[in-house]
Amino acid sequence: MGSGYYAQLCAILRNHGCTLTRQAKGSHEIWYSPITKIPVTISVTVSSRHTANGILKQAGIDQKI
């Protein structure tokens, strides 16, 4: 599966009610955030903490990794 911060990112997204919508192109996934009501794209290979925190911010989640 993923590497880096992917597992932590997925756990936080699920804890806040986000759901995996579909597999996107390459190593990306589309998640739906009920907080912002928009889809969020994440990479399975996210290896930067700053990128992971940016994804959480896009999803409307204040928590940081």
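Within the set [x] 4, 17, 22, 19, 16, 12, 7, 3, 0; [y] 4, 21, 22, 16, 12, 10, 8, 5, 2, 0; [z] 4, 20, 34, 28, 12, 1, the number that P(r) over Cα pairs in 5 Å bins from 0, in percent takes when calculated for this structure is listed as [z].
For the chain, what is the accessible area per residue in Å² when the probe is 1.4 Å? Provide the component values of the computation, followed by the final result.
Numbers: 3990 Å² over 65 residues.
Accessible surface, normalised per residue, equals 61 Å².
The slack between residue 64 and residue 50, meaning 0.36 nm per residue of separation minus the straight C-alpha distance, is 4.1 nm.
Roughly to the nearest percent, how much of the accessible area of the chain is carbon and sulfur, given a 1.4 Å probe? Each step should come with its number before you reach the end.
Values: 2130 of 3990 Å².
Ligands and nucleic acids excluded, carbon and sulfur reach 53 percent.
Backbone amide hydrogens, once placed in the peptide plane, bring residue 33 within less than 5 Å of 38, 40, excluding anything fewer than 5 places away on its chain.
The values are calculated or read from the model by the stated rules, or taken from the named source; none is laboratory data. In this text, all values refer to a predicted model and were calculated from it rather than measured experimentally. Ligands, DNA and RNA are stripped out before the accessible areas are found, and what is left, the full protein with its side chains, is counted by its heavy atoms. Shrake-Rupley method; radii C 1.70, N 1.55, O 1.52, S 1.80 Å.
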